[in-house]
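Taking it in order: structure first as structure tokens, then the write-up.
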């Protein structure tokens, strides 16, 4: 089953204890769109570090840093709203899907989905700190 933007992102998730445990494709997409491509790239790098070859671990994080910096610069330059942020983060998630997941893990790889509670809590805390800083930072 080839993974795709419009395909079933949970099609390769199995309960087999022998299958490798990765953060799911859906989790990486959601974290990339809601928090940033940098956050999604960290989850992806954790997955890549569990593969036999470990290829792309550093590259995906570097991609996440550069892509996120470019998105911030672009959005500040054009004074765009949050809708543009979600679209650009979705594009970054699509790039990671194709160039990192499909190439290094494999579009047809069966895997167990790792729980996302800890990344969710970390993401929520970071977002809360950013919101707090934006509200109280100007005073």
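Quick notes on this one:
- Positions within the stretch 20-49 being more than 19 Å from residue 98 (Cβ to Cβ) and modelled with pLDDT of 95 or more, in sequence order: 20, 21, 49
- Residue 50 being touching a helix residue (DSSP H, G or I) at 6+ places or on another chain (Cβ under 6 Å) and in a loop (DSSP other than H, G, I, E, B): no
- Some residue of the stretch 19-42 being more than 11 Å from the chain's Cα centre (by Cα), under 22 Å from residue 125 (Cβ atoms) and surrounded by 14 or more Cβ atoms within 10 Å (Cβ to Cβ): no
- Those residues of the stretch 100-112 which are assigned to a helix (DSSP H, G or I) and surrounded by 15 or more Cβ atoms within 10 Å (Cβ to Cβ), in sequence order: 100, 101, 102, 104, 105
- All positions within the stretch 113-125 that are over 16 Å from residue 36 (Cβ atoms) and exposed (fewer than 15 other Cβ atoms within 10 Å of the Cβ): 115, 117, 118, 121
- Test: residue in the stretch 114-128 that is part of a helix (DSSP H, G or I), within 19 Å of residue 9 (Cα to Cα), in contact (Cβ under 8 Å) with a residue 40 or more places away in the chain and in contact with a strand residue (DSSP E or B) (Cβ under 9 Å, 6 or more places away or on another chain): no
- Candidates 87, 71, 65 - the one that is crowded, with 17+ Cβ neighbours inside 10 Å, out of contact with any strand residue (DSSP E or B) (no Cβ under 9 Å at 6 or more places or on another chain) and either touching a residue at least 12 places away in the same chain (Cβ under 8 Å) or assigned to a helix (DSSP H, G or I) (or both): 71
- Residue 95 being part of a helix (DSSP H, G or I), in contact (Cβ under 8 Å) with a residue 24 or more places away in the chain, within 30 Å of residue 17 (Cα to Cα) and in contact with a strand residue (DSSP E or B) (Cβ under 9 Å, 6 or more places away or on another chain): no
The values are calculated or read from the model by the stated rules, or taken from the named source; none is laboratory data. Quick caveat: nothing in here was measured; it's all calculated off a predicted structure. Reconstructed Cβ throughout: ideal geometry from the backbone, glycine too, with neighbour counts over all protein chains shown.
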